[in-house]
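The values are calculated or read from the model by the stated rules, or taken from the named source; none is laboratory data. In this text, all values refer to a predicted model and were calculated from it rather than measured experimentally. Here the Cβ is made from the backbone with ideal geometry for all residues, glycine too, and neighbour counts use every protein chain on show. Each accessible area value is taken on the protein alone, full model and side chains, heavy atoms only, with ligands, DNA and RNA left out. Shrake-Rupley method; radii C 1.70, N 1.55, O 1.52, S 1.80 Å.
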Amino acid sequence: MTTTSRPQGIHALRRPRGLGQDGVFRLTLRVVAVLIVIPVLWMMVDTFAETVPVWERFGIPGFVTGLRWAPSFTIYGALPFIYGTLLTSAIAMVIAVPVAVLIALLITEILPPRARTWVAVAVDLLAAIPSVVYGLWGLLVLVPVLRPFEQAVAGTAGKVVPFLAGPTPGPSYFAAGVVVSIMIIPIIAALSREVFAATPRLQREAVRALGGTRWDVIRTVVIPLGRSGVLAAIILGLARAIGETIAVTMVIGNAPKIGASIFSPGFTLASVIANEFNEANQELHPEALIALGLVLLVISVLVNGLAILIRQRFARGVGRVV
Amino acid sequence: MTTTPIRLQPPPVEPAPVVSVSAASHNAKMLEPAELSVELSGVNAFYGSRRVVRDISLPVRSNAITAIIGPSGCGKSTLLRCINRMHELTPGAHVEGRIEYHGIDLYAPDIDPVAVRRTIGMVFQQPNPFPTMSIHDNVAAPARFNGLIAGKAAEHDLVERCLRQAALWDEVKDKLKAGGTSLSGGQQQRLCIARALALEPDVLLMDEPCSALDPIATLQVENLMVELKRDYTIIIVTHNMQQASRVSDQTAFLTMGDDRAGYLVEMADTVEIFTNPRQQLTEDYVSGRFG
Ligand SMILES: Nc1ncnc2c1ncn2[C@@H]1O[C@H](COP(=O)(O)OP(=O)(O)OP(=O)(O)O)[C@@H](O)[C@H]1O
Ligand SMILES: [Mg+2]
């Protein structure tokens, strides 16, 4: 009566010869993945092949750093749009991140349970509004409302800092940044809310049992444990901000030059492509617009790559979270 | 603006009379029952409308270890959480009945629950150090929450004192900056005890503090508890009969009634409960003849 009554013992532990079920599954997944990626890559290569004349004419540095955009003179420089994209995104992030994180904290930590649901639903609804509606609202409502504020800033700080100087025509980098911030607040808030809500109960109770207040819970466990998740939320918001097109076109003023002040009209990569492509009949104009698309793609990839790096650092820092 | 009191103050102990009174009255004083720290009377605890603790009355002696034993799910943790007003933090949960601390009704409307939790510390079943904080900061955390301490030097002193009290100092003194969760499970639990001690509470509630520990770490924590009872009143929930009989002075046995709410079967000195229980249920449980 020894263990020999289980003849298969050792064999049962061995890896199966050949692929096995798991192997077949994995192989199938890989084939499918490649089948999906190939046409996407091919489409991209095909599209961007069109831009070759642009690079031949201006060179990559020449195009990317070019300050003038004058299709009727066949002069194409991308810098005003790169600047506009980065500036509006930065303005949007500066406004949206604190507001969204605050909303998320209100919903998970601060408001009484019934109010939580209402605020959460309201914020989620904001995310469902179409871009073009934000654009209309921005143009008709927000721009006039922001005007006195812009004038006040331009009249005080703007006298010293050219970056904040007047005139304040209305449509501007600033207006676009504010509209985009409102569009990305729900995205960042919704994701941060889930991150905060996932704080382990045992950690919250540890703080409370030590005489900590709700505020102590927020600053010692909710935020430190949620950092990497909130960062992911911020990145998603940033990606949306960089790519936002219609609403921006409607409030940025569509001026293809670098405005010295945030209250000057400008243009972004995405909005100039949407705005000009239909009527692009000058020499190299369509090609230059596609080249701007490529620049936009590179910026998005860089931002996301950077974000992934930061996130990994954070995740490692937190380490063994239960 | 008046500052709210940081902790509940037990009334001062009456000073011993300077002039000795008659021998008779002196003896009477000696025979008085030991002073009570926490006294529960007719406590009921609910989650929503479901009652999980029914009508429990417990006198908890000062500077002693009181063990609460009973089958799983009979409401031991819930009862413990009623004492430091943690129970009410669960949405929908509430407490009925009276819990007194040195005669102060802990559920009176003018009592600040935060002050209660500062006075009555708690150690959880699962070690729960703050993962983003160093060992040092874990112990300093309660002082920071409550503004108990000013200055780095005083903080260091507090951290060292509490880690020594929790018998952890020698193991961590060279790596105070390491993360709180880089320690072993037993060390983490002692870190949590040190952290609770840093509140300088008067009563310490311990919910199965040794259930995640090996026998050696368990023994360390038990010795620690015996050590601590000079300065603290300790209430411990445990599933370990040997532990209850080894360390505690008095023991309360809870079980579940037909309504699945926990009630008190009997409470007495630990020796009594384990050698000469008055209830058959208790005898069955402590001798292991019960589910
Ligand atoms: N947050 C909660 N919400 C609803 N019911 C709960 C909650 N926590 C505990 N209960 C219920 O209350 C009862 C008592 O639970 P409690 O944790 O106090 O038991 P216990 O005696 O500590 O058990 P154990 O020995 O297993 O730790 C159980 O029936 C449990 O299902
Ligand atoms: Mg329990």
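Values as computed for the structure displayed
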read-out: In the stretch B:100-133, the residues that are within 16 Å of ligand 1 (Cβ to nearest atom) and either in contact with a strand residue (DSSP E or B) (Cβ under 8 Å, 6 or more places away or on another chain) or open to solvent by 50 Å² or more (accessible area, probe 1.4 Å) (or both); value: B:Met122, B:Val123, B:Phe124, B:Gln125, B:Gln126
read-out: Residues of the stretch B:198-212 satisfying the condition of being within 25 Å of B:Gly262 (Cβ to Cβ) and without any contact (Cβ under 8 Å) to a residue 60 or more places away in the chain; value: B:Cys210
read-out: Residue list for the stretch B:222-241, restricted to those being within 22 Å of B:Gly73 (Cβ to Cβ) and without any contact (Cβ under 8 Å) to a residue 60 or more places away in the chain; value: B:Asn240
read-out: Test for B:Val286: is it β-branched (Val, Ile, Thr) and within 16 Å of ligand 2 (Cβ to nearest atom); value: no
read-out: The stretch A:84-128, residues that are within 21 Å of A:Phe163 (Cβ to Cβ), small (Gly, Ala, Ser) and surrounded by 21 or more Cβ atoms within 10 Å (Cβ to Cβ); value: A:Gly84, A:Ser89, A:Ala92, A:Ala96
read-out: Neighbours by Cβ (under 8 Å, 6+ apart or cross-chain): first from the stretch A:17-45, farther than 21 Å from A:Ile290 by Cα; second open to solvent by 100 Å² or more (accessible area, probe 1.4 Å); value: A:Leu27/A:Leu19
read-out: Selected residue (criterion: most open to solvent (accessible area, probe 1.4 Å)) from residues of the stretch B:163-189 that are in contact with a strand residue (DSSP E or B) (Cβ under 8 Å, 6 or more places away or on another chain) and more than 11 Å from chain A (Cβ to nearest Cβ); value: B:Lys177
read-out: Some residue of the stretch B:114-131 being over 21 Å from the mean Cα position of the chain (by Cα), of a type outside the set (Gly, Ala, Ser) and within 14 Å of another protein chain (Cβ to nearest Cβ); value: yes
read-out: Extreme residue, nearest to the other protein chains (Cβ to nearest Cβ), among residues of the stretch B:64-92 that are under 11 Å from the mean Cα position of the chain (by Cα) and outside any helix (DSSP H, G or I); value: B:Asn84
read-out: Elements of type helices (runs of 4 or more DSSP H) contained in the stretch A:228-322, each with 1 or more residues being of a type in the set (Val, Ile, Thr) and surrounded by fewer than 17 Cβ atoms within 10 Å (Cβ to Cβ); value: A:285-318
read-out: Residue match in the stretch B:172-189 (condition: small (Gly, Ala, Ser), assigned to a loop (DSSP other than H, G, I, E, B) and under 18 Å from the mean Cα position of the chain (by Cα)); value: no
read-out: Residues of the stretch B:190-215 classified as within 15 Å of ligand 2 (Cβ to nearest atom) and either more than 10 Å from the chain's Cα centre (by Cα) or buried (at least 24 other Cβ atoms within 10 Å of the Cβ) (or both), total; value: 7
read-out: Residues being within 16 Å of ligand 1 (Cβ to nearest atom), modelled with pLDDT of 90 or more and not in a strand (DSSP E or B) - total across the stretch B:212-257; value: 6
read-out: Candidate set: the stretch B:103-113, residues that are in a loop (DSSP other than H, G, I, E, B) and among the hydrophobic types (A, V, I, L, M, F, W, C); chosen: the one farthest from the other protein chains (Cβ to nearest Cβ); value: B:Ala108
read-out: Filter result (open to solvent by less than 10 Å² (accessible area, probe 1.4 Å) and not in a strand (DSSP E or B)) within the stretch A:58-81; value: A:Phe63, A:Gly77, A:Ala78, A:Pro80, A:Phe81
read-out: Residues being under 24 Å from A:Thr213 (Cα atoms) and within 16 Å of ligand 2 (Cβ to nearest atom) - total across the stretch B:59-88; value: 10
